[in-house]
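Shown below is the structure under consideration.
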Amino acid sequence: MTEPVVPAVVDVLADVSARAFGRALVSNHLRSMVVETILALSLPAGWACCGEDWAGWDLAHEDGTRLEVKQSAARQTWPAPRRPAPPTFDIRERTGWWEGATWFPGVGRHAHIYAFAYHPAKDDTADHRDPRQWRFFVLRTSDLPTGKNLSLTRLQALAPPLDLAGAVAAIEALRVERR
């Protein structure tokens, strides 16, 4: 009997990355990483991704500003139902957050700014990895309505849709205003 081949870490990472992100449509549980990365790579220096597992927000600026990113897409990885559910975004208050192995209790929304990303393409041109295909809505946390979910229709009444450049400018304006 021959010894099993032990793959190198780099080969494991390449295979997992290709399976997770090698297709135009990215599954729900991974798509948030795509949008967070799009914003992290687009925002000016000082911002960093920090939204791991149960973190209280997704990106943080070195000045302490915290950004929560929520996303939804019209086209999913599974076959479309006859009547797809209208897009909604989870905005419920949390009971706290984790930083590493430390739990910080506190009910509320712990980010200062929310960036909502919606991918409207429903046809075969849909590519969740393409930053140009996303529409963004940026709000101060204090401007969010009460409740657990926010519909796309309600979101559009609260903030104008922005392309990536517009979203970056809006996030930066709210960050500067906050200081």
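Taking neighbour Cβ counts within 10 Å as the exposure measure, how do LYS122, LYS70, LYS148 sort from fewest upward?
Ordered from fewest to most neighbouring Cβ atoms within 10 Å, LYS122, LYS70, LYS148 come out as LYS148, LYS122, LYS70.
Among VAL168, VAL34, VAL16, determine the one that fluctuates most according to a GNM of the chain built with springs between C-alpha atoms less than 10 Å apart.
VAL16
For the residues HIS29, HIS119, what sequence is obtained by ranking on other C-beta atoms within 10 Å, fewest first?
HIS29, HIS119
While we're on this one: Take every DSSP beta bridge whose two residues both sit in the chain, then give the antiparallel share in percent to the nearest 5.
Percent antiparallel among DSSP bridges in the chain is about 75.
Estimate the FRET efficiency between ALA8 and ASP53 by the formula 1/(1 + (r/R0)^6), using the beta-carbon distance for r and 30 Å for R0, to the nearest 0.05.
0.70
Further question on the same structure: Expected output is a single nm value to one decimal: the length gained when fully extending between ASP63 and LYS122, i.e. 0.36 nm times separation in residues minus the C-alpha distance. What is it?
17.4 nm
Another question about this same structure. In which sequence would TRP54, TRP97 go, from the one with the fewest C-beta neighbours within 10 Å to the one with the most?
Lowest to highest Cβ neighbour count: TRP54, TRP97.
Report the one residue of ALA85, VAL168, SER27 whose Cα lies farthest in the direction of the positive end of the charge dipole of the chain (charges on C-beta: Lys and Arg +1, Asp and Glu -1; origin at the Cα centre).
Farthest along the dipole direction, towards plus: ALA85.
For the Cα atoms of the chain, what angle does the longest principal axis make with the long axis of helix 9-21, in degrees from 0 to 90, nearest 10?
Relative to the chain, helix 9-21 is tipped by roughly 60 degrees.
Then there's this: Might you report the magnitude of the Cβ-based charge dipole of region 24-178 about its Cα centre, with Lys and Arg at +1 and Asp and Glu at -1, to the nearest 20 debye?
So the magnitude is around 680 debye.
For the chain, set up a Gaussian network in which alpha carbons nearer than 10 Å are linked by springs, and say which option among ALA80, ALA111, ALA121 fluctuates the most.
Maximum fluctuation in the GNM of the chain, among the listed residues, is at ALA80.
Do the sum for the chain: with -39,500 (n - 2.57) for every DSSP H run of n ≥ 4, divided by all residues, what is the mean residue ellipticity at 222 nm, to the nearest 500 deg cm²/dmol?
-9000 deg cm²/dmol
Another one. With the contact rule set at Cα under 8 Å and sequence spacing of 6 or more, what percent relative contact order holds for the chain?
Details: 271 pairs, mean separation 37.0, N = 179.
Here the relative contact order equals 21 percent.
Dipole of the chain (Lys/Arg Cβ +1, Asp/Glu Cβ -1, origin at the Cα centre): which of TRP97, LEU150, GLY46 lies farthest to the positive side?
LEU150
Next question, about the same structure. Which of these, ARG132, ARG109, ARG83, has the largest mean-square fluctuation under a Gaussian network model of the chain (Cα springs below 10 Å)?
With Cα springs under 10 Å in the chain, the top fluctuation among ARG132, ARG109, ARG83 is at ARG83.
Sketch the reach of a paramagnetic label on TRP98 as a point 7 Å from Cα along Cα-to-Cβ, and name the residues of region 27-54 whose backbone nitrogen lies under 11 Å away.
Taking a point 7 Å out along Cα→Cβ of TRP98, the residues of region 27-54 whose backbone N falls under 11 Å are 52-54.
To the nearest 20 debye, what is the magnitude of the charge dipole of region 59-143 about its Cα centre, counting +1 on the Cβ of each Lys and Arg and -1 on the Cβ of each Asp and Glu?
420 debye
Taken together, the values in this text are just the output of simple stated rules run on the coordinates, not laboratory data. Since this is a predicted model, take the numbers as computed values, not measurements. As a convention, Cβ positions derive from the backbone with ideal geometry for all residues, glycine included, and neighbour counts pool all protein chains shown.
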